[in-house]
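> I have a structure here, written as structure tokens, and I will follow up with some questions on it.
The values are calculated or read from the model by the stated rules, or taken from the named source; none is laboratory data. Fair warning: this is a prediction, and the values are worked out from it, not measured in the lab. Reconstructed Cβ throughout: ideal geometry from the backbone, glycine too, with neighbour counts over all protein chains shown.
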Amino acid sequence: MAKVMTINSGSSSLKFKLYEMPEEKVICSGNAERIGNADGIFTIKYGDKKDVSYPIFPDHAAAAQCLLDALVSKGIIKSFDEIKAIGHRIVQGGKYFSKSAMFDADTEAKIESLIPLAPLHNAAHLTCFRAFKKVLPDCPSIATFDTAYHQTMEEEDYTFPIPHELTEKYDIRRYGAHGTSHKYLAQEGKKYLKEGQNKIISCHIGSGSSITAIKDGKCVATSMGLTPLGGIMMGTRTGDMDPSVFNYVVSVTGKSAEEVYQMFNKKSGFLGVSGISNDSRDVLAAVEKGDKHAILANKLFNRRIADYIGQYYVRLGGCDLIIFSAGIGENEPRTRAAVGDLLHEAFGVEIDKELNANVRAKEAVISTPNSKIKVVVIPTDEEVMIARDAYDMCILGK
């Protein structure tokens, strides 16, 4: 048995889990929030306890130290030496990584070189890695990349139709995201496939959303593009649309390209169309009250999901299993039902309305026996995938 920690850091947060491996038992979990602000929040759950405190985190190093101190002071571990490996989630691995990698000078340098493709994420991940390295210098670490799972795409699936000089010089291509989640869903989805079946469409639907076509356990195509802005409409992101909209908005508003890019990332999607919120729960509540902008936003969202599923049905030459996961996919029956209705006529998808209505944050089949494609809800678990790789690579030496 060995204790393995997983770290998922954002620009102002640090989420963590401590596992007993290989049993995959969660010893504790939590989050350090509002790093860099004067009103930090630290939450840690262990056993049947949940402790919340309000320290100030000037940086990620302070948050890392707070976490490690809490592990000892609360008796979760006796000493830091008990932590045998750390797995860090990294959003962008570019063309360099098709699987998790040991954190060494080369890995660190490549992650740093990719900051322009994920400026908020990769920079924060490196800051957090260095913070833990300072406190636990002898503890081996791995990097698990959101983009790695998608490296099996064929060239015509990841290449954009731009001048090839740009593609080759600047490594401009479809990288995708949420790969660790989609890989987990592909593995968990196998038990729902019959002999000879191998085609899955996994829908990671949350504030950030992506859809992936999977065949024989490998990614064939995925919706997010060069950055997480691409694909389906999301909480604040546009998803795919006519590229000329960008230039036109710049010309008619007088805003800079960067301002419009930030608008498309942070003020569009559910938030932009509804004018209410980036949270689907708020938008759906407004739908129930008849708000026309909320109704349009909801219809757009559902339509884009169904469109991508239809596209990937063609790409795969059929589909044996559709998986819904992540915040909305796991917890919002209305979205699943609406998407199912959109797929019914073309693909024979049939959702069991009563069963679907009672499924939230749990694994279940939600399609009827007559559905031509089985539809399931599977809660995703990116952290356990990171923990498995950290255990295998750092402790077993695989």
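> Would you check if Gly290 is free of Cβ contacts under 8 Å to residues at least 24 places away in the same chain, over 21 Å from the mean Cα position of the chain (by Cα) and more than 21 Å from Gly206 (Cβ to Cβ)?
Judged against the criteria, Gly290 is a match.
> Here's another thing I want to ask about it. Select the helices (runs of 4 or more DSSP H) contained entirely in segment 258-364, then report the ones holding at least 3 residues which are surrounded by fewer than 19 Cβ atoms within 10 Å (Cβ to Cβ). It would help to see each step written out before you state the result.
On the way: elements: 269-274, 280-288, 292-316, 326-331, 333-347, 353-357.
In segment 258-364, the matching helices (runs of 4 or more DSSP H) lie at 280-288, 292-316, 333-347, 353-357.
> List the helices (runs of 4 or more DSSP H) inside segment 161-253, counting only whole elements, that have at least 3 residues being in the same structural domain as Gly329 (by TED's automatic domain parsing).
The qualifying helices (runs of 4 or more DSSP H) are 244-253.
> Of the residues Leu117, Leu166, only one is farther than 21 Å from Lys3 by Cα and surrounded by 18 or more Cβ atoms within 10 Å (Cβ to Cβ); which?
Leu117
> I'm trying to understand the selection: among the residues of segment 89-126, which are among the hydroxyl-bearing types (Ser, Thr, Tyr) and either assigned to a helix (DSSP H, G or I) or more than 13 Å from Ala143 (Cα to Cα) (or both)? Don't jump to the end; show me each part of the working.
Step one: filter segment 89-126 for residues among the hydroxyl-bearing types (Ser, Thr, Tyr), giving 96, 98, 100, 107, 113.
Correct list: Thr107, Ser113.
> Inside segment 349-370, can you point out the residues that are in contact (Cβ under 8 Å) with a residue 12 or more places away in the chain, under 18 Å from Glu330 (Cβ atoms) and hydrophobic (A, V, I, L, M, F, W, C)?
Scanning segment 349-370 gives Ile351, Ala357, Val359, Ala361, Ala364, Val365, Ile366.
> Considering segment 43-86 alone, what residues qualify as being closer than 14 Å to Val26 by Cβ and in a strand (DSSP E or B)?
Passing the criteria: Ile44, Lys45, Tyr46, Lys49, Lys50.
> From the list Asn31, Asn37, Asn8, which residue is of a type outside the set (D, E, K, R), under 15 Å from Ala387 (Cα atoms) and out of contact with any Leu (no Cβ under 6 Å at 6 or more places or on another chain)?
Working: Asn31 fails: under 15 Å from Ala387 (Cα atoms); Asn37 fails: under 15 Å from Ala387 (Cα atoms).
On inspection, the qualifying residue turns out to be Asn8.
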